[in-house]
C-alpha cells in the first residue's frame, strides 16, 4: 500500500513562562492511502498537538518543532513556509475541528464558507463553486441543500454544523483528513450518523483519515489502526484488533478497564487509573507512566523503555515485554477480552534504533 | 428501598422565547425517586433532562406540576427559613468543573460556603476541620484547602464540586453530567468516588448524562427522555435487555462499544416519532408494561409490548 504520510521522530515544544513544555516527544507513525488511524489518549497527551503540527497550525512562537520530519507524499513539510503551507491546507490536508459551534464563522453564510476553499484552491468561478457547495451539502446528508446553502451557522443544529464542517473539509477532495474529536460534542445518535457518513465518504473518495478521540467505542467503530498516546509519546500502536483483543501496554489496559461495559454486572468498582498525567515541563525520568502504573518495575523509574515489536503491525513501549521481565496478569476486565491473534510473534522483538 | 424520597408529579417547565412562542422543555413528566437509589436520566441534548434536574432543585420555577421532597412541595411560596432547609437537603454537582467554581475564592471558602450559610460550624477551627475532612473524603488533601480552582485539573475540580455538595450533609444530590467534561481515565475515578460516597452516606442520586454505558453502570433505574417527555422508565438491567420504546431502542443501538467485532456488525435503528401514528382518540401516557417498567405509549402499543416482553 502507498504511504501518504510518514511522521518521523517528531518533537514539538512550547515556550511558556514556566519553562518549555515538551508536548510531543519523539512520535513516529505512518499512514497509508485510504486508511483510518485513530490516535487515543487523555487531554494533554499530545494527540491534538501532533495532528495540528501536521498542518502546521500550532502557533509559532510559542510552539516550535524541535526535531523530526513530516513527510507528506514524500515531501518534508517541516521546513515549508507559511505561504507554501497555504497551498497544502484545505487542498491536500484538511481538518475537522472538535467544536462545530465555534469553528464556523458566524457572520458568513454556510455556502460561502464552503466556496472559499473551492475558489482559492481550484480556481472555480463563483457560480461553479456554489453548485459544488450544494452538491457537497447534499453529499453530507443535509436536506434541502439549495436553501441551506444561503443560511448562517446559527440556523443549523450541532449535528448539521458538524456536517457542514465536513463538507468544508471535503470541498477540495483532500488526500488526508484530520478529524480532531469530531463527534465529542454531539449526542450518540448524531455521532453514529456522522461516523457512518465519514466512513461512507472515505470509501467513495479513498481519503486517509487521522481520527483523534478519547472514546474507545468510537475507535473500535472507525479505526483500521490505533495509536495510543501518553505524555507526548506513542506507547502502543497496532491494528484495531491487536489493541482491543491483545493490548500489551499497561496504560492501554488501564484505558480499556476503566470503561464500563454494557454487559458487566455493576457491583465491582471500575478499574480507574490512579493519579493524573505528568507535567511535561519536566517529564519524569524513565517511563512517564510509571508513577500511575501498578505494574511498574524498578527499571521504569530509571530508564525509558524501548519500543518492542509484537507482530508485523503491533508495537508497544514497555519494559514488561523484555525477556527478563516478570510475567504479569492484566486487569480482569482486560483479560476477558484477550484472545490469541495469529499474526503475533512468539517473542516480542526489540526494535532497532532508527526505525 | 420502597420509601419514596422524591415524587415528581406532572412537572412542566415552559420557557417563553418571545412573540408568544413557548419552548416546552419539560412537558408533564411523572416519576418517583426512592431513598438510596440512583436514578439515571438520559436523552439527547435539548431533550430537557438538565432542565428537569434544575427544576427539581428549584433553580427554575416550575410552570406546572409538583415536586414533593419527603412529602413536602419544593415549589410554591416559601419563607426564607423553609427554603434554607430544602437547600440543605438537596445539592447539585454541575457539568463543567471549570465554570462552576468561583475563580476568586479559595477551595476552603468554596467548600465552606454552605457550612457558613447554614451555620453548621461553631467556630473557625471546626469549620476548617470540616473542610479538611471533606477534602479527604473526596480524595484530595489538606494542603489543597488554600489554593484556587485554577491550580487544579478537571478531575480534581470535579472532586471539589462534590466536596462542596457534601458539605451540608444532603440526602439527595443531582449530578448534571458530572463526568462529561472529564477524560476516560478520570471519569472512572469520579464515578467510583460517587459510588463509594453513596454506600457510606446513603445518598440518593439523580444522575443526568448522555453517556449510556456509564449511566447503566451507576444507575439502579433509568429514565429515557425525548423532547420533554419521559418515554421509558425501568430498572437499568431491564431497560438494556428489553428496551420497548422505539426511541430507547434507537438510542441503545447508537452506543459505540469498545469492541471491534460488534462494531463491524452493528445495525443502527433510527427513530422517527411519526411511526407511532397515534390517532386523536388514543390516549398516550405512561403505562406499566411489567412491574416497574413504564413506557409512554397508547393502549394498543401497550398490548403489543406486553406480548413481546421476554423475561
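The values are calculated or read from the model by the stated rules, or taken from the named source; none is laboratory data. Quantities reported herein were computed from a predicted structural model and do not represent experimental measurements. In this analysis, Cβ positions are derived from the backbone assuming ideal geometry, glycine residues included, and neighbour counts consider all displayed protein chains.
Mind checking whether some residue in region A:183-194 is under 14 Å from residue A:94 (Cα atoms) and either surrounded by fewer than 23 Cβ atoms within 10 Å (Cβ to Cβ) or at pLDDT below 85 (or both)?
Checking region A:183-194: not a single residue is under 14 Å from residue A:94 (Cα atoms) and either surrounded by fewer than 23 Cβ atoms within 10 Å (Cβ to Cβ) or at pLDDT below 85 (or both).
Which one is farthest from the chain's Cα centre (by Cα) among residues in region B:132-145 that are free of Cβ contacts under 8 Å to residues at least 24 places away in the same chain and part of a helix (DSSP H, G or I)?
The residue in question is B:143.
Is at least one residue of region B:162-172 touching a residue at least 12 places away in the same chain (Cβ under 8 Å), within 14 Å of another protein chain (Cβ to nearest Cβ) and either closer than 25 Å to residue A:215 by Cα or not in a strand (DSSP E or B) (or both)?
No - not one qualifying residue is present in region B:162-172.
What single numbered condition from (1) under 25 Å from the mean Cα position of the chain (by Cα); (2) surrounded by fewer than 16 Cβ atoms within 10 Å (Cβ to Cβ) fails to hold for residue B:166?
Just one mismatch for residue B:166, condition (2).
Any idea which of B:43, B:36, B:28, B:53 is out of contact with any helix residue (DSSP H, G or I) (no Cβ under 6 Å at 6 or more places or on another chain) and over 24 Å from residue B:202 (Cα atoms)?
One residue alone meets the criteria, B:28.
Failed condition for residue B:234, given (1) away from chain A (no Cβ under 14 Å); (2) crowded, with 19+ Cβ neighbours inside 10 Å; (3) outside any strand (DSSP E or B); (4) under 28 Å from the mean Cα position of the chain (by Cα), with all others met?
With (1) away from chain A (no Cβ under 14 Å); (2) crowded, with 19+ Cβ neighbours inside 10 Å; (3) outside any strand (DSSP E or B); (4) under 28 Å from the mean Cα position of the chain (by Cα) applied to residue B:234, the lone miss is (3).
Take the residues of region B:31-47 that are at pLDDT below 85 and surrounded by fewer than 24 Cβ atoms within 10 Å (Cβ to Cβ): which is nearest to residue B:223 (Cα to Cα)?
B:44
Is it fair to say residue A:91 is modelled with pLDDT of 85 or more and either surrounded by fewer than 21 Cβ atoms within 10 Å (Cβ to Cβ) or touching a helix residue (DSSP H, G or I) at 6+ places or on another chain (Cβ under 7 Å) (or both)?
No, not satisfied.
Any chance region B:134-145 includes a residue that's within 14 Å of chain A (Cβ to nearest Cβ) and surrounded by fewer than 18 Cβ atoms within 10 Å (Cβ to Cβ)?
Within region B:134-145 (the criterion being within 14 Å of chain A (Cβ to nearest Cβ) and surrounded by fewer than 18 Cβ atoms within 10 Å (Cβ to Cβ)), the answer is yes, since at least one residue qualifies.
So residue A:228 fits all but one of (1) at the interface with another protein chain (Cβ under 9 Å from one of its Cβ atoms); (2) modelled with pLDDT of 85 or more; (3) surrounded by 24 or more Cβ atoms within 10 Å (Cβ to Cβ); what number is the exception?
(1)
Would you call residue A:202 surrounded by fewer than 20 Cβ atoms within 10 Å (Cβ to Cβ), away from chain B (no Cβ under 14 Å) and touching a strand residue (DSSP E or B) at 6+ places or on another chain (Cβ under 7 Å)?
yes
Which of the residues that make up region B:250-275 are surrounded by fewer than 16 Cβ atoms within 10 Å (Cβ to Cβ) and in a helix (DSSP H, G or I)?
B:261, B:262, B:264, B:273, B:274, B:275
Can you go through B:240, B:217, B:247 and tell me which one is farther than 24 Å from residue B:91 by Cα, in contact (Cβ under 8 Å) with a residue 12 or more places away in the chain and within 8 Å of chain A (Cβ to nearest Cβ)?
Unique residue meeting the criteria: B:240.
Would you mind stating whether residue B:125 is at pLDDT 90 or above and part of a helix (DSSP H, G or I)?
Yes; evaluated as a whole, the condition is true for this residue.
Can you tell me which residue in region B:176-192 is farthest from the other protein chains (Cβ to nearest Cβ), limited to those that are in contact (Cβ under 8 Å) with a residue 40 or more places away in the chain and out of contact with any helix residue (DSSP H, G or I) (no Cβ under 7 Å at 6 or more places or on another chain)?
Among them, the one singled out is B:177.
If a residue counts only when it is within 21 Å of the chain's Cα centre (by Cα), which helices (runs of 4 or more DSSP H) contained entirely in region A:236-355 have at least 1 such residues?
Fully inside region A:236-355 and qualifying: A:240-245, A:250-257.
Would you please list the contacts, defined by Cβ atoms under 8 Å and residues six or more apart or on different chains, that run from a residue in region B:250-274 that is free of Cβ contacts under 8 Å to residues at least 60 places away in the same chain and more than 7 Å from chain A (Cβ to nearest Cβ) to a residue that is surrounded by 19 or more Cβ atoms within 10 Å (Cβ to Cβ) and part of a loop (DSSP other than H, G, I, E, B)?
B:252/B:243
Applying the selection to region B:146-159, what residues are within 14 Å of chain A (Cβ to nearest Cβ) and either under 24 Å from residue B:90 (Cβ atoms) or in a loop (DSSP other than H, G, I, E, B) (or both)?
Hits for region B:146-159 are B:152, B:153, B:157, B:158, B:159.
Being in contact with a strand residue (DSSP E or B) (Cβ under 9 Å, 6 or more places away or on another chain) and modelled with pLDDT under 85: is that true of residue A:249 here?
For residue A:249, the condition - in contact with a strand residue (DSSP E or B) (Cβ under 9 Å, 6 or more places away or on another chain) and modelled with pLDDT under 85 - is not met.
Within region A:290-300, is even one residue within 14 Å of another protein chain (Cβ to nearest Cβ), touching a strand residue (DSSP E or B) at 6+ places or on another chain (Cβ under 8 Å) and at pLDDT 80 or above?
No, because not a single residue in region A:290-300 is within 14 Å of another protein chain (Cβ to nearest Cβ), touching a strand residue (DSSP E or B) at 6+ places or on another chain (Cβ under 8 Å) and at pLDDT 80 or above.
Somewhere in region A:263-270, is a residue modelled with pLDDT of 80 or more and surrounded by 13 or more Cβ atoms within 10 Å (Cβ to Cβ)?
no
Tell me which residues, restricted to region B:63-79, are at pLDDT 85 or above and in contact with a helix residue (DSSP H, G or I) (Cβ under 7 Å, 6 or more places away or on another chain).
B:67, B:69
Check region B:75-96 and report whether any residue there is more than 30 Å from residue B:23 (Cβ to Cβ), touching a residue at least 24 places away in the same chain (Cβ under 8 Å) and part of a helix (DSSP H, G or I).
Looking through region B:75-96, at least one residue is more than 30 Å from residue B:23 (Cβ to Cβ), touching a residue at least 24 places away in the same chain (Cβ under 8 Å) and part of a helix (DSSP H, G or I).
Determine if region B:197-210 includes at least one residue that is more than 10 Å from every other protein chain (Cβ to nearest Cβ), more than 25 Å from residue B:87 (Cβ to Cβ) and buried (at least 22 other Cβ atoms within 10 Å of the Cβ).
There is no residue in region B:197-210 that is more than 10 Å from every other protein chain (Cβ to nearest Cβ), more than 25 Å from residue B:87 (Cβ to Cβ) and buried (at least 22 other Cβ atoms within 10 Å of the Cβ).
Please give the number of the condition residue B:223 fails out of (1) over 30 Å from residue B:152 (Cα atoms); (2) in contact (Cβ under 8 Å) with a residue 60 or more places away in the chain; (3) within 11 Å of chain A (Cβ to nearest Cβ).
Result: residue B:223 fails condition (3) only.
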